[in-house]
1. Could you say which residue among 213, 182, 163 is at pLDDT 80 or above and under 29 Å from residue 6 (Cα atoms)?
2. Residue under question is residue 230, and the condition is that it be more than 21 Å from residue 9 (Cβ to Cβ) and at pLDDT below 80; does it hold?
3. Among the residues of the stretch 61-78, is any surrounded by 15 or more Cβ atoms within 10 Å (Cβ to Cβ), out of contact with any Asp or Glu (no Cβ under 8 Å at 6 or more places or on another chain), polar (S, T, N, Q) and farther than 26 Å from residue 215 by Cβ?
4. List, please: which pairs have Cβ atoms under 6 Å, are six or more places apart or on different chains, and start with a residue in the stretch 20-37 that is in contact (Cβ under 8 Å) with a residue 12 or more places away in the chain and end with one that is surrounded by 17 or more Cβ atoms within 10 Å (Cβ to Cβ) and assigned to a helix (DSSP H, G or I)?
Amino acid sequence: ASFIGYNEAKRFSKEPEKFGTGVLEGVAAPECANNSATGGAMIPTMALGIPGSGTTAVILGALLVHGMRPGPLLFIQNTDVVYAVFIGMFFANLMFLGLGLGGAKVFSQILRVPNYVLSPIILVLCVVGTYALHNNMADVWIMLICGLVGYKMKEYGFAAAPIVLGLVLGELIEISLRRSLIVFDNNAFIFFTRPWALTFIILTVLGLCSPAIRTWVENRGQKNNKQSAAE
């Protein structure tokens, strides 16, 4: 959500070249997207029993452990739990608002930490976290190689965010696609007959084509302006 929010804000900004220099829009967009994604991930978790994120998967597991099955019946059989979650999220957002307004100056001091201090700490945490996942040094080497590839991509002007999103969301998308195909007897055309699926396909295509369309419109406008000026 943060990557997509930042990218969309940069794409629709009148001054995209300022992004990456600390411009307010570049800071606010990913934070707003990250905060809004938390509540959005709870919708499929509570209503359908499908986790919308890693965090909601943990919540889903906790509900199952306590004998509650997320889905439509949860709103009938365990209404108190549902409303407790809603109220808790409401007050949590109010708390974050207070922390943001009151602690912004304090939290911003983290940016004053020099890179030569911050970088080794981040590297150690990455190595420890990667090794602790499967207790395998091969994972650490893969992480270091991916970090080197990401560094070179940034050096040559390639965006790393699409690759990160593909690695994180790719497995979830493949599992969901496989599950849908099994339900509908491997009929891929079913996605073009269902209104919601077709809507998301159209939105995805428009999102992929929008940069080219926007560039074409801008170039055409500049061409028309030059012709008008010449006349």
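1. 213
2. It is true that residue 230 is more than 21 Å from residue 9 (Cβ to Cβ) and at pLDDT below 80.
3. Yes, the stretch 61-78 has at least one match.
4. Going by the 6 Å Cβ cut-off, the qualifying pairs are 25/9; 29/5; 29/6; 29/9; 30/5; 30/6; 33/5.
This table checks each residue for (1) within 25 Å of residue 175 (Cβ to Cβ); (2) more than 21 Å from the chain's Cα centre (by Cα); (3) without any contact (Cβ under 8 Å) to a residue 40 or more places away in the chain.
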position	(1), (2), (3)
43	yes, no, yes
46	yes, no, yes
49	yes, no, yes
74	yes, yes, yes
79	no, yes, yes
98	no, yes, yes
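The values are calculated or read from the model by the stated rules, or taken from the named source; none is laboratory data. Since we're looking at a predicted model, the values are computed, not measured. All Cβ positions, glycine included, derive from the backbone under ideal geometry; neighbour counts span all protein chains shown.
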